[in-house]
Amino acid sequence: MAESIVHAAVAVLQRQDGQVLLAQRPEGKAWAGWWEFPGGKIEDGETAFEALQRELDEELGTQALEAYPWLTRSFAYPEKTVKLHFFIVRRWTDEPHGREGQHLSWQDPAGLTVSPMLPANEPILTALTLAPVYAVTNMADVGEVAFLERMEGALQSGLRLIHIREKSLSPYDFRIFASKAIALGKRYGAKVMLNRDIELARELGADGVHLPSSELMKLSERPQGLLCAGSCHNEVELAHAYSLALDFVVLSPVLPTLSHPDAIPLGWQNFTSLIKDGPLPVYALGGMHGHHLVTAWQAGAHGISMQRSAWGA
């Protein structure tokens, strides 16, 4: 007997403060009392977005004004497999209310106050704690003192995800600089990722490790106890990152970039095609500036990764 696969559209309504809307499944439905993101089955002849709009109206009495495709994840329940097509909804028409008698609650993904959460939605919460901008350090270009000043300014302006990547430094100098950058990031509640070195990331108290594609492809399982990200450039590397269940990936180069002038850019169309229906948050890297963020969202990305422009250069 063929496995039953149900496709569903799921809405992550996200306010400007980062809180997301959860709904409690009402009595009379399967998994009654469990919390989930609103959404439902994609009917025959519907696109995922059309199903999203219908479900928002039927469940919450609202419609999406600004919605972007995000992740697609499959989850096997005892009776069926559900393929969930998640959308991030940033603006909507009317204040959501439970049209089916369900309780609603705005929640911080980093610390829920409601439970239990429907199992298929649990991995989404970690992804929702990731900031939309992933900044890559360029201390070697400007010097340590000047860079740390720029870094603090960016943190004060809201930057919350940083990749310490200083390939020209000696191991000793990298350790010293990384220690200072991690301490500064923690002061502002930012997540700081260390390039390549898993053990050093643990030793220095970094939040995670970012693996270059060459290191990523050597792994048979992801490191535990750390956030884990990887650099990808093609479909094979993306597939391997997915199989390892990394926390997020960076796909590059999307546009021409000074750091890799000879690399052939993917362009937005190829970028969109490569990440379509992927299960992990993806950042667009290469030639990115702040004004590219909405374009990246429209392409299905979680956000953008920048180096020079992240620090006001």
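The values are calculated or read from the model by the stated rules, or taken from the named source; none is laboratory data. What you see is a predicted model, and the numbers here were worked out from it, not measured in a lab. All Cβ positions, even for glycine, are placed from backbone atoms using ideal geometry, and neighbour counts span all protein chains on display. Just so you know, the surface numbers come from the protein's heavy atoms only, side chains and all, with ligands and any DNA or RNA stripped out. Shrake-Rupley method; radii C 1.70, N 1.55, O 1.52, S 1.80 Å.
Val192 versus (1) among the aliphatic types (A, V, I, L, M); (2) more than 18 Å from Ser259 (Cβ to Cβ); (3) out of contact with any Asp or Glu (no Cβ under 6 Å at 6 or more places or on another chain): which is the lone unmet condition?
The one condition Val192 does not meet is (3).
With the condition kept exactly as written, say whether any residue in the range 102-115 is over 20 Å from Gly300 (Cα atoms), touching a strand residue (DSSP E or B) at 6+ places or on another chain (Cβ under 8 Å), touching a residue at least 40 places away in the same chain (Cβ under 8 Å) and of a type in the set (Val, Ile, Thr).
Checked the range 102-115: at least one residue is over 20 Å from Gly300 (Cα atoms), touching a strand residue (DSSP E or B) at 6+ places or on another chain (Cβ under 8 Å), touching a residue at least 40 places away in the same chain (Cβ under 8 Å) and of a type in the set (Val, Ile, Thr).
So how many residues does the range 115-140 have that are surrounded by 14 or more Cβ atoms within 10 Å (Cβ to Cβ) and over 12 Å from the mean Cα position of the chain (by Cα)? Lay out the reasoning, then the answer.
Within the range 115-140, the first condition is being surrounded by 14 or more Cβ atoms within 10 Å (Cβ to Cβ), and the residues that meet it are 117-118, 120-121, 123-140.
Narrowing the set further to residues that are over 12 Å from the mean Cα position of the chain (by Cα) leaves 117-118, 120-121, 135-140.
Number of matching residues: 10.
When you scan the range 1-43, how many residues do you find that are farther than 25 Å from Ala131 by Cβ, open to solvent by less than 50 Å² (accessible area, probe 1.4 Å), assigned to a loop (DSSP other than H, G, I, E, B) and not aliphatic (A, V, I, L, M)?
Residues meeting the conditions: 2.
Looking at the range 48-84 only, could you name the residues that are at pLDDT 95 or above, open to solvent by 70 Å² or more (accessible area, probe 1.4 Å) and not charged (D, E, K, R)?
Across the range 48-84, the qualifying residues are Phe49, Leu65.
For Gly158, only one of the following conditions fails: (1) under 19 Å from Val133 (Cβ atoms); (2) open to solvent by 10 Å² or more (accessible area, probe 1.4 Å); (3) in a helix (DSSP H, G or I). What is its number?
(3)
If Glu166 satisfies all but one of (1) open to solvent by 80 Å² or more (accessible area, probe 1.4 Å); (2) in contact (Cβ under 8 Å) with a residue 24 or more places away in the chain; (3) acidic (Asp, Glu), what's the number of the condition it fails?
(1)
Hey, among Gly189, Gly208, Gly278, which residue is in contact (Cβ under 8 Å) with a residue 40 or more places away in the chain and not aliphatic (A, V, I, L, M)? So that I can check it myself, show each step before the final result.
Numbers: Gly189 fails: in contact (Cβ under 8 Å) with a residue 40 or more places away in the chain; Gly208 fails: in contact (Cβ under 8 Å) with a residue 40 or more places away in the chain.
Of Gly189, Gly208, Gly278, the one residue that is in contact (Cβ under 8 Å) with a residue 40 or more places away in the chain and not aliphatic (A, V, I, L, M) is Gly278.
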